[in-house]
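Working notes for the structure below.
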Amino acid sequence: MLEARESVRNLATYRPPLAGREGLRLDFNENTVGCSPRVLARLREITAQEIARYPEREPIEAVVADHFDIRPTELLLTNGVDEAIHLLCETFLQPGDEALIVVPTFAMYEISAAATGARVISVPADADFQFPTSDLLSRVTSHTRLIAVANPNNPTGSVAESASLLEIASCAPQAAILVDEAYFEFYGRTLMGQWRNVPNLFVARTFSKAYGLAGLRIGALTGNAEHIRLASRVSSPYNVNGVALACLPTALDDQDYIRRYVGQVRQGRAELQQEFGQWGIHYWPSEANFVLASFGPLKTALIQSLRARGILVRDRSGDYGCEGCVRITLGSTEQNARLLRALRETLAEIGAKEVTAK
Ligand SMILES: Cc1ncc(COP(=O)(O)O)c(C=O)c1O
């Protein structure tokens, strides 16, 4: 009888709640207004011949490397950061190795690491989801081969100091340190290029979030050229589709679009956090395009009441330490205003009480 690897048989199925997402989608941290109109124009120009050809990654890698101010050999374009995580695990992990992740965090680190047969060790975040530098350091052993950190983190929005991440990378030279900067544009600090000082460091970036290209599936794994060469051996030469490759230079070129959108998200983030403060709702200050807040026993009523007003938010109760928590993505100025109006009505409806006068 055909059997999958034991490590795969033991994996839980990860099924994000994608069905029935009609309305204002503040549940997946996507760009809520879509990609730049210039990207859409480029998409419409794509010819049958372009689609008939196998995609060529390298010329676009040179453009992206230039944008990141690194060498093309230090970058591999991937089918989203999801594939970057997968490639890193396939390249560096084997059964018996240890992979460290700080929880709560993005689900794919555990899935891709566990699938290789490596042992995944979850290190709980410190109080209030602060980055647990010393606990993480204390869990490093000679078997540690991967440490994955989302910075800013999903679902908490909290960040790790660059110095802490570099210290961890220096203290575990036998391990690949992945710093996943999927939400970089909403934060602004990066470790890009630091592998020249700490060679076991990798930085991942996505075009799914600020750039609004989640449906095209494109991201990047960056790091030391030799390590990137090894990871690219595991990848298909056609891992990124030709449509995504055709559109990416246009997307990168329209930085005004990104700046405008990111500005609106950051403004909305500050307003939402202030609103939570006024209602006495515990939230975690975020550097990403979403905010996590705790509604305790009111959580389900809040989600349902927002849904009735056409707004989707994400229940994160199942994540480590997140009972009663909801994650809300920010969007454009108008969408954020609509969210705040709906949130006020909802909170009043479900019996939350304002704690300060407005
Ligand atoms: C931290 C983090 N990394 C990666 C991803 C997925 O990125 P991509 O769409 O590029 O696969 C997400 C999506 O939610 C995320 O939160």
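Only one entry in Leu230, Leu146 is part of a helix (DSSP H, G or I), away from the ligand (no atom under 12 Å from the Cβ) and over 30 Å from Ala52 (Cβ atoms), namely Leu230.
Quick grid of which residues meet (1) of a type in the set (S, T, N, Q); (2) part of a strand (DSSP E or B); (3) at pLDDT below 95; (4) open to solvent by 50 Å² or more (accessible area, probe 1.4 Å):
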residue: Glu83; (1), (2), (3), (4): no, no, no, no
residue: Leu87; (1), (2), (3), (4): no, no, no, no
residue: Ile101; (1), (2), (3), (4): no, yes, no, no
residue: Ser164; (1), (2), (3), (4): yes, no, no, no
residue: Ile177; (1), (2), (3), (4): no, yes, no, no
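Considering every residue within segment 212-225, establish whether at least one is within 16 Å of the ligand (Cβ to nearest atom), charged (D, E, K, R) and in contact with a helix residue (DSSP H, G or I) (Cβ under 7 Å, 6 or more places away or on another chain). Yes, segment 212-225 contains a residue that is within 16 Å of the ligand (Cβ to nearest atom), charged (D, E, K, R) and in contact with a helix residue (DSSP H, G or I) (Cβ under 7 Å, 6 or more places away or on another chain). Between Arg15, Arg44, the distinction of being within 18 Å of the chain's Cα centre (by Cα), surrounded by fewer than 18 Cβ atoms within 10 Å (Cβ to Cβ) and farther than 22 Å from Asn289 by Cβ belongs to Arg15 only. Give the residue that is farthest from Thr47 (Cα to Cα), with candidates limited to residues of segment 243-285 that are buried (at least 18 other Cβ atoms within 10 Å of the Cβ) and among the small types (Gly, Ala, Ser). If we take residues in segment 243-285 being buried (at least 18 other Cβ atoms within 10 Å of the Cβ) and among the small types (Gly, Ala, Ser), then Gly268 is farthest from Thr47 (Cα to Cα).
Does at least one position in segment 6-25 carry a residue that is under 17 Å from Ile111 (Cβ atoms), in contact (Cβ under 8 Å) with a residue 12 or more places away in the chain, not aliphatic (A, V, I, L, M) and not in a loop (DSSP other than H, G, I, E, B)? Checking segment 6-25: at least one residue is under 17 Å from Ile111 (Cβ atoms), in contact (Cβ under 8 Å) with a residue 12 or more places away in the chain, not aliphatic (A, V, I, L, M) and not in a loop (DSSP other than H, G, I, E, B). If you go through segment 149-191 and keep only what is hydroxyl-bearing (Ser, Thr, Tyr) and either within 13 Å of the ligand (Cβ to nearest atom) or under 25 Å from Arg119 (Cα atoms) (or both), you end up with Thr156, Ser158, Ser164, Ser170, Tyr183, Tyr187. Being surrounded by 14 or more Cβ atoms within 10 Å (Cβ to Cβ) and touching a residue at least 40 places away in the same chain (Cβ under 8 Å) is the filter here, so list the residues in segment 66-80 that pass it. His67, Phe68, Ile70, Arg71, Thr73, Glu74, Leu75, Leu76, Leu77, Thr78, Asn79, Gly80, listed by residue number. Val240 meets each of the listed conditions (1) farther than 30 Å from Ile46 by Cβ; (2) in contact (Cβ under 8 Å) with a residue 40 or more places away in the chain; (3) crowded, with 22+ Cβ neighbours inside 10 Å; (4) within 16 Å of the ligand (Cβ to nearest atom) apart from (1).
Restricting attention to segment 308-358, the residues being within 30 Å of Ile121 (Cα to Cα) and assigned to a loop (DSSP other than H, G, I, E, B) number 10. Residues in segment 123-143 that are more than 16 Å from the ligand (Cβ to nearest atom) and not in a helix (DSSP H, G or I): Val123, Pro124, Asp126, Gln130, Pro132, Arg139, Val140, Thr141, Ser142, His143. Return a yes/no flag: does segment 111-120 have any residue that is outside any helix (DSSP H, G or I), farther than 26 Å from Ile228 by Cβ and open to solvent by less than 40 Å² (accessible area, probe 1.4 Å). No.
Being of a type in the set (A, V, I, L, M), over 22 Å from the mean Cα position of the chain (by Cα) and modelled with pLDDT of 95 or more, is that true of even one residue in segment 63-80? Yes: one or more hits.
Among (1) out of contact with any Lys or Arg (no Cβ under 6 Å at 6 or more places or on another chain); (2) of a type outside the set (Ser, Thr, Tyr); (3) within 16 Å of the ligand (Cβ to nearest atom); (4) open to solvent by 20 Å² or more (accessible area, probe 1.4 Å), which single condition is Pro55 missing? Unmet condition: (3).
The values are calculated or read from the model by the stated rules, or taken from the named source; none is laboratory data. None of the values given here were measured: they were computed from a predicted structure. So basically every Cβ, Gly included, is an ideal-geometry build from the backbone, and we count neighbours across all protein chains shown. Calculation scope for accessible area: heavy atoms of the full protein, side chains included, ligands and nucleic acids excluded. Shrake-Rupley method; radii C 1.70, N 1.55, O 1.52, S 1.80 Å.
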